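Take a look at the structure set out below.
Read-outs throughout are calculated quantities, based only on the coordinates presented, and are distinct from any laboratory measurement. Here the structure is a predicted model, which means the values were calculated and not measured. Cβ sites come from the backbone with ideal geometry, for glycine too, and all protein chains shown count toward neighbours.
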Amino acid sequence: MPGYDRATARLADAGVPLVVKSTGDAYAVEDTTVAAEDRDTVYEYLDRGGSANVANCLRFLGDRYSGTEFAYDDPVALPTEGVYHPDHPGIDYDGLRATFDPDAPTVAVWFYESHWTHENTRYVDGVVHALESQGANALPVFCNPATDTDEQEDAEWVTDQWLLADGEPVVDAVVSSFMFSLSMDERGRSASDEGDAAEDVFLDRLGVPVLQTVTTMRSRSRYESADTGVMGFELALSVALPEFDGNVITHPISGKERTDDDAGIGTAPKQHFPIADRVEHAASLAVNWARLRHLDNDEKRVAVVLHNYPPSDDGIGTAFGLDTPESTVNLLDELDARGYSLGGKTPPEGQALIEQLTSQLTLDDRWVAPEDVRERSVDVVSTDEYAAWWADTDPEFRANVVAEWGEPPERPFAIPGVEYGNVLVTVQPPRGFGMDPEKVYHDSDLQPPHDYYAFYAWLREEFGADAVVHLGTHGSLEWLPGKTVGLDAESAPDALLGDLPNVYPYIVNNPGEGTQAKRRSYAAVVDYLTPVMSNAGTYDELAELEELASRYREAGAGAGADAESHIADRIREQVADLDLAVELGIEGEISEKADVRGPDAAGSSLAEGAVDGDTVGIEALVERVHEYVTDVKTTQIRLGLHTMGEPPADDRLVEYLVALTRLENPGAPSLRESVAGVLGVDYGTMLDSPGEYSEALGMTYAEAADEVYETSVDLVETLAAEGFDVPASNVAAGPDDEVNMNLLVVDIDTIGDARAKSGAHDDLRAVLAFICEEAAPRVFGAESEIPQTADALDGEYVEPGGSGAPTRGGVDLLPTGRNFYTLDPRKVPARTAWDVGKEVADGVAQRHQEDEGEYPEEVGVVAWGTPTVRTRGETIAQVLGLMGVRPVWTDAGRVDDVEPIPLGDLGRPRIDVTTRVSGLFRDAFPQAAGVVHDAVDAVVDLDEPHDMNYVKKHVEAEAAELEAEGVENPEQAAKRRVFTTRPGGYGAGTNKAVDEGEWDDRSDLADVYVQWGGYAMGSRGRVSEAHDAFERRLGNVDATVKIEDTMEQDEFDSSDWYAFHGGFITAVAEESGAEPASYVGDSSDPDNVDVYTNEEKVRKAMRARVLNPEWLDSMEDHGYKGAGDLSSTVDVTLGWDATTGVVSDTLWADVAEKYAFDEDRQEWLRDVNPWALSSITDTLLEAIERDLWGADDETAERLRDLHLQVSGDLEARASGEHDTPADGDERETPLHDD
């Protein structure tokens, strides 16, 4: 340290006494020149801390060394934990409690002992005064929350001593500014973020909401001017890690700035200064949570907000995987049972709820006359009312909305929904793109329209909501513009929701988007179970093809050449009829795809009927058929929807437990692998070569896979029949070779002449015991989802739990009904994610080399936030793997650096990567973007030839071009590789254009993708405009890839899939003039990673689920919501074809037949959700009109006739000519008096 050495030398030369204090460094003692006794006294003053000790330390030194006498006190020990109040100096716990109003809510304020010691409490004073001004008692408590010394007490001790009395809380809420997690170690989630939740954690015992605030290291002005709010290490320490405790995340309440230089020494320490409006907001939110514990239930007013995107009557209650209407009725019944005032009349079931909602005002204005709006509304907000509310909101937010939408319109605002006494069931307003479709082309951060603000203002001001429930995954509130994390008053979600407690049921396998709700709408999440998963199986023509392939095998055993030839001909005909040339990789013709570019657009056409592939003989074709059919039928698909509070039962329970234990779980081997071993089936061959015939088994491995699955189901059925009870006695196996319930005897015959794998019986016993003791009880825990939601409305603490895909070895993520957490963003990618992501990277490179004859020079990667949480960073690991770079981790698992993999070990060139990250990823994982930047820097600096280092090749070439153009810092500009939307914006935009019909040809969709995604993400997460750079990168991309990490979701579950990946493909094609190769890395089984082309994967999803009669029938069990999900599936099909052209005419015809023309389904749709049938026929007609589907004239005419019939029925229904189906069934519903 040159500066230090110069300073100490000058002081020594001048004879100035010197005390050096530095933790653990020997030079501190060596360079100290005062007497050892004096040195130790100074050390004691400083170690004890506090202004009094520091002042006495200075007096002591002056007395000793200045030649002047000073009076001083000896070092005194200060409390390491205690209570504090700015208006009652020195008050103790009992004294402060004695000042409280016993009828008022009490809010504890947790802050650091060091802040008390150093009188750094301005922000604490602000919170205390804000709480008290709102009628609450404030109990400020300081401590060192995670101390590991015997001299201090931690947050658990403080909680037990001062916040609990006789096991009951004496506070109603807590405002905490503690960083890190207070319970991570107890929950078994320390360095590895893995493990089971503890049974007894002190926050669970306390049982009240904990609101997490941030004391940011930024100054107040920097916070106010920044787009990001909370970033860098603070995002991890003050947001992500406290989420492990189940805290309700809020925002910064202080900024760190220098104090006045009262001592006149030219400098001053930095301390925390309150951000006044954020202090007030955090306090108000805490008081409102606390009041939920004081209000009688019959006084509480609750708004249950259903989502509705797109805003049409076929999709009220939009929520992934959830039967929203039935879940809403379950919640209403629970509230009714708890004494809420619901007017005594609530809908008996979900269909009746929908009938009541659609008989009133909805977001779909096609079916209501203007003169009927007032009568059908819950209420109407007058222009004067709105003006008053509008004037009270944040002025910057007002300015943003006015800039987007103009001044408030001179018209009233209608409020949709139905009131059940004090509980309102309503529908979230539309986002605004449909109000001005042109905004799709330039507004990724579209401000909410006035109607949106009027809705939430009415909930707060007129309805008087005490809390709001946003029911299901997910709405639009948390995706509105504003700071990314740590919102200010200008941020739209904050301005809209205000200080309302927000309870948000969310599916357990979508933690990324659920975290968005937690961080950007201050939500307490209550997670719910995924729908049941099961093998897809085969059906219709696909089952016939499988049967033909099996018959060919049998015919080869001596049925005669003629019979064999006849079956071979039928197999080829069936392959052609099913359009399977692409999937089987064989030469052939498929039904013509449409050219969606328009006649004058540049670039290659998609309208090619010929499929390049292998010319194969019948033997090879039959093997490929077996492999393909096995791949489809063993794909896990969802069956039906989940209803909150209702675990699966009977056959569905069995199927779900088989799916949950299909892969290895922590503490249990794989059920599928164990059964295969017991049956004598080679597990690896069964997965990798299902078309191969085994002499020992006497069947193909595809047929053996069927035996494994059926045996697995039989075993779990046996367990279910016994109530998953494991008897203690040792009884012999029964005559049917069943597994006895004591799990000590497994007596299953192997297949054919095969031999059981050594140890397989022990593994099978272990996994069956795991099903009884862990998996089944955790699934049954879904019964708590509705009660826990109601508990949250009572101001109870929602215990935290893990998140991710339960069927990907995640049984320990259950039970649901908890407030899920995610991971430490500094640990992305994790070691386990690196292994899988590197395998995907190598697989993509190898697949491209095999298909195209060369490695890609540049790959475009889609990175989402939610899969990053579920997998702990497989996509980022893939990016690093493609570039030939590996992470370097600390012992605690944090990514500390990267290092290039030697080319000799890599075995291929380093591939350049352009990554398009989602807005959620941008907000949650800025460190991961920094890791990618580090990788680019590391690779560019290597002394390697361009033909082995494409990253270096491209950066150097682009830097030279930019330098010639006069661009400043051309090399840095040329290194941009991570792109996203602007801060406050979310999505890819492509789906918005498709939904609104705002496109003529494919180039329009590419323009939207480029416009929304043209923002570069820097090494520290900062985002800047970079459309030119994004277009340059897109023009160089040879292939695109997206990882799919779970079968619980697929390409047809949401428009985001085609918006991001399909949009990427479209944009590359337009910018480069050539169709890129496109791949999907399937890591749903981390031990068996596959790489598909995007076309193969999309068409597989259509065969496995979209067209599967079992899935379609399972959706009929859910009435209106099931029908609405069918409608959205057809919408997504259109989006995939518009962006990539992967949906053939045959597949379109199959969709039309099963979704619209099937008489039984058509009748069901007309009965439960005629709006869905209208939407389905409308979308099918759009596919024809846009030349995406070359339907024959007869088919088109049938669709037009059907669409006209349904539209006529809906118009008649709207005009009152038809009674609603629920008339006579529902209980009377009182409407708003006004």
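Below is a table of values for the structure above.
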read-out	value
Per-residue Cβ neighbour rank within 10 angstrom, fewest leading, THR1093, THR661	THR1093, THR661
The range 303-321 versus the range 504-525: alpha-carbon centroid distance in Å	17 Å
Cα centroid separation, the range 950-994 to the range 1159-1219 (Å)	45 Å
Per-pair calculated FRET efficiency, R0 = 22 Å: ARG1198 and ARG1166 via Cβ, rounded to 0.05	0.90
Listed candidates (i) 52, 38, 33; (ii) 59, 46, 34; (iii) 113, 86, 35 - label of the one calculated as semi-axes √(5λ) of the Cα gyration tensor in Å	(i)
Label point 7 Å beyond Cα of ASP1113 along Cβ direction - residues of the range 618-660 with amide nitrogen under 13 Å	640
Cα gyration tensor shape for the range 57-196, rounded if a/c is under 1.5, else prolate or oblate	oblate
Value of [θ]222 nm, deg cm²/dmol, for the chain, DSSP H segments ≥ 4, -39500 (n - 2.57) each, nearest 500	-12500 deg cm²/dmol
Three-way shape label, the range 754-862, alpha-carbon gyration tensor, a/c 1.5	oblate
The range 1029-1043 - phi-based ³J(HN,Hα) in whole Hz, Karplus 6.51/-1.76/1.60, Gly and Pro as x	5, 4, 5, 4, 5, 4, x, 9, 6, 9, 8, 10, 8, 9, 8
Degrees between helix 395-405 axis and first principal axis of the chain (Cα, 0 to 90, nearest 10)	20 degrees
Cα gyration tensor shape for the range 283-426, rounded if a/c is under 1.5, else prolate or oblate	oblate
Distance (nanometres) between label positions extended 7 Å along Cα→Cβ at ALA55 and GLU961	6.7 nm
For the chain: relative contact order, % (alpha-carbon pairs under 8 angstrom, 6 or more apart)	11 percent
Relative contact order for the range 82-291, counting Cα pairs under 8 Å that sit 6 or more residues apart, in percent	23 percent
Per-residue Cβ neighbour rank within 10 angstrom, fewest leading, VAL1037, VAL917, VAL210	VAL210, VAL1037, VAL917
Label-to-label distance, nm, for residues given as SER565 and GLU299 (7 Å Cα→Cβ offset)	9.1 nm
Extension gain, HIS118 back to TYR93 (0.36 nm per residue minus Cα-Cα distance, nm)	6.9 nm
3J(HN,Hα) from dihedral phi, the range 1198-1205, Karplus parametrisation 6.51/-1.76/1.60, rounded to Hz, x for glycine, proline	4, 5, 4, 4, 5, 5, 5, 4
Long-range HN-HN contacts of LEU322 with modeled amide H, under 5 Å	HIS642
Extended-chain gain in nm, criterion 0.36 nm per residue less alpha-carbon gap, ASP540 and VAL16	179.2 nm
Exposure proxy ranking, count of Cβ atoms within 10 Å, fewest first, for ILE876, ILE1043	ILE1043, ILE876
Distant-in-sequence amide H partners of SER1078 (H built 1.01 Å from N, under 5 Å)	THR1040, ASN1094
Extension gain from GLU850 to ASP897, taking 0.36 nm per residue of separation minus the Cα-Cα distance	13.6 nm
Label-to-label distance, nm, for residues given as ASP101 and ASP749 (7 Å Cα→Cβ offset)	8.0 nm
Counted charge near GLU69, where neighbours are those whose Cβ lies closer than 11 Å (Asp, Glu -1; Lys, Arg +1)	+1
